[in-house]
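Engineer: Quick one: this structure, given as structure tokens, is what I'll be asking you about.
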């Protein structure tokens, strides 16, 4: 779901930005692969931030983002059954993957007309990520445990994002925005197993499309 909110403000170089929209997992992050994939599906993002306009072509920005990506439990269960000859069926309940991004960077305007602007953006910062808690209820051909669980793991990693932003100036006080960016980070998750600590390395890649507003602060 893509949301837009509007509010009247006074003209200013220092602005509060609020965006929300669709976040689509890509590459390994969305892959149906037990070795490197995460079986994620499209989710949503909410992204507040602040920006300061240095001149007509360049502004700097501090932006955060909260991302939720549900897990395709049907594909995950089918892959695990196909990979285990003793497993007849598998029921899975799973939370979503949760990401929090805090990043800074800039926007460079390639077109800046009276009412319309197009700018390239580049950000870098930190990504906090959390894998989902999952409950498994297997059905074996023979005997086996009635259920087992996989607890959540957390990671903090470097993240970067590049994108294209457009803006419409409705008047001197209000700007509506529409943009898209590609985000990527490499995360490492540690899990406790019966044989010790297991580390799962996962590449997190998303395409984010969002709409929003830019509101003057002072």
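Readers should treat all values here as calculations from the given coordinates under stated rules, not as data from a laboratory. Because the structure is a prediction, the values reported are computed rather than measured. Ideal geometry is used to build each Cβ from the backbone, glycine not excepted, and the neighbour counts take in all protein chains shown.
Engineer: Fully extended, how many nm does the chain gain between residue 64 and residue 218 (0.36 nm per residue separation, minus their Cα-Cα distance)? Working shown, then result.
Structural biologist: Numbers: separation 154, 0.36 × 154 = 55.44 nm, distance 2.03 nm.
Here the answer is 53.4 nm.
Engineer: Now for a different question. Over the chain, what portion of Cα pair distances is larger than 23 Å, expressed as a whole percent? Mind showing how you got there, number by number?
Structural biologist: Working: 12368 of 23653 pairs.
Beyond 23 Å sits 52 percent of the P(r) for the chain.
Engineer: Using 7 Å Cα-to-Cβ label points, what is the residue 57/residue 148 separation (nm, one decimal)?
Structural biologist: 5.9
Engineer: Moving to a separate point now. Against the longest alpha carbon principal axis of the chain, how many degrees, from 0 to 90 and to the nearest 10, is the axis of helix 73-83 turned?
Structural biologist: 40
Engineer: Rounded to whole Å, give me the distance from the Cα center of segment 102-160 to that of segment 49-86.
Structural biologist: Here the answer is 3 Å between Cα centres.
Engineer: I need the per residue convex hull volume for segment 128-191, using only the alpha carbons, in cubic angstrom as a whole number.
Structural biologist: Numbers: hull volume 11.4 nm³, N = 64.
It is 178 Å³ per residue.
Engineer: Based on C-alpha coordinates, I'd like the Rg and Dmax of segment 113-155, in Å.
Structural biologist: When restricted to the Cα atoms of segment 113-155, Rg and Dmax are 23.1, 72 Å.
Engineer: Bin by bin, in steps of 10 Å, what percent of the Cα pairs in segment 101-218 do you find, going until the bin that has the longest distance?
Structural biologist: Spelled out bin by bin, segment 101-218 gives 11, 28, 23, 17, 12, 7, 2, 0 percent.
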